[in-house]
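Below: one structure, written as structure tokens.
Where a number appears in this text, it was derived from the coordinates with a stated rule and is not lab data. The model shown is predicted, which means the values in this text are computed figures rather than measured ones. We place every Cβ from the backbone using ideal geometry, glycine too, and count neighbours over all the protein chains shown.
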Amino acid sequence: MLWATSPALTEIENQVLDWLVDLLGLPQAWKTAVGPGGGVIQMSASDSTHVVHVVAREKAVARGASTDDLVAYGSSQAHSSVERGARIAGLRHVRLLEVDAAHALRPDRLQAAVADDLAGGLVPTIVTSAIGTTATGAVDPVAQISAISREHGLWHHVDAAWAGAAMCCAEHRRHQAGTEHADSYTFNPHKWLFTNFDCNVLWVADRAPLITTLSTQPPYLRNPASESGAVIDYRHWHVPSAGASAPSSSGGCCAATVPAACATTSASTIALAQEIGRRVDEHPALERIAPVSLRSCASATSRATRRPTRSPTPSTPRRPSTSPRRRSKMRGSSASPSARRTRPARTSSGCGRRSPAASAGRTERT
Ligand SMILES: Cc1ncc(COP(=O)(O)O)c(C=O)c1O
């Protein structure tokens, strides 16, 4: 978005995202009005994660590294946007690291993987930690990951896509301890904060590398306001050039102006998840596969009591949804041997786990 095409919306976006910093208890330096950081609305958490992988690559290349040597890290439970962000940025090495019993990234594994990569001549470049993983709501140890990132010069991105909204309740902010040392942070008001699509927020601790990475100056977008240097042109902060994120700004505005309502809703949803967790624990046929985390309670049907799948009876014949010929065609087209090698095997709970053979691809799970 260009300030000149949407001055009011740009100012609203500045203001609303600064309010959201207070709502979620994030660092004051991430406010656009304070700096050196700032916030911008993106379309999705995936967009934010993809963009920061590109920014991290540019920083590493500016320090003299070759793109071929750059390494991205996350946990085996990280959202697929981490692996995709690395691909989009052209990073050939992705390490999806082992998690602990609570499905959170193990800092010792990160430290070891970084040491191995340095010893192998590679360049550790970016790590993504999650506050609320997709499958189980696990919270990675953000403070420890920040410390390792600072020691080795990695960009530290925090993905709080759905769980970030819970931080409007002060009692949950312990989950984001250490975020003040992260380089970027993303969350989706459109997931849990009464906000319409598409409204993802990306904050960066320092806006300069983001702007340097995405800036271009074509003659047809030049205008006196931009050249004055006194305005924010969000086109340098996200991929779209001149379009406005009008609905998002107004939706985000609603969320940020009713902090009490946000806190109440988050607290009641979290209480509901706790209650569901209690009921799952009591239920003979259910098994909780991870601690209840914020609004997430991951459960599976217990193996001992799982009912056998019934075959269709003659009185209720079921037609196969696809013909055998079409099924074999689909197998041939969508699952080439190389695709199978690099795609994580998913358990019924959605937690990514890979067979040793599956680890042979360029995405390594360690
Ligand atoms: C932890 C986490 N990160 C990222 C995403 C991707 O979000 P989006 O659909 O906004 O790209 C999700 C989606 O649910 C998620 O749970």
- Message: If each residue of separation counts as 0.36 nm, what is the full-extension length gain between His181 and Val239 once their alpha-carbon separation is subtracted?
- Response: 18.3 nm
- Message: How would Glu282, Glu180 line up from fewest to most surrounding beta-carbon atoms within 10 angstrom?
- Response: Glu282, Glu180
- Once a ≥ b ≥ c are taken as the square roots of the eigenvalues of the Cα gyration tensor of segment 261-305, is the result rounded (a/c under 1.5), prolate (a/b larger than b/c) or oblate (a/b not larger than b/c)? prolate
- Query: Taking θ as phi - 60°, what are the ³J(HN,Hα) couplings along segment 209-226 by the Karplus curve (6.51, -1.76, 1.60), each to the nearest whole Hz, with x for Gly and Pro?
  - Reply: x, 5, 5, 4, 5, 9, 6, 9, 10, x, x, 6, 10, 6, 7, x, 5, 4
- Query: Do you know the relative contact order of segment 7-258, to the nearest whole percent, from alpha carbon pairs under 8 angstrom that are 6+ apart?
  - Reply: 24
- Query: Got the relative contact order for segment 261-305 handy, in percent, Cα pairs under 8 Å and 6 or more residues apart?
  - Reply: 34
- Percent relative contact order of segment 1-146, based on C-alpha pairs within less than 8 angstrom and at least six residues apart? 19
- Message: Shape verdict for segment 7-258, please, from the Cα gyration tensor: rounded (a/c under 1.5), prolate (a/b greater than b/c) or oblate.
- Response: oblate
- Message: Through the Karplus equation 6.51 cos²θ - 1.76 cosθ + 1.60, θ set to phi - 60°, convert the phi angles of segment 68-85 into ³J(HN,Hα) values in whole Hz; use x for Gly and Pro.
- Response: 4, 9, 7, 10, 10, 10, x, 9, 5, 9, 4, 5, 4, 5, 6, 5, 5, x
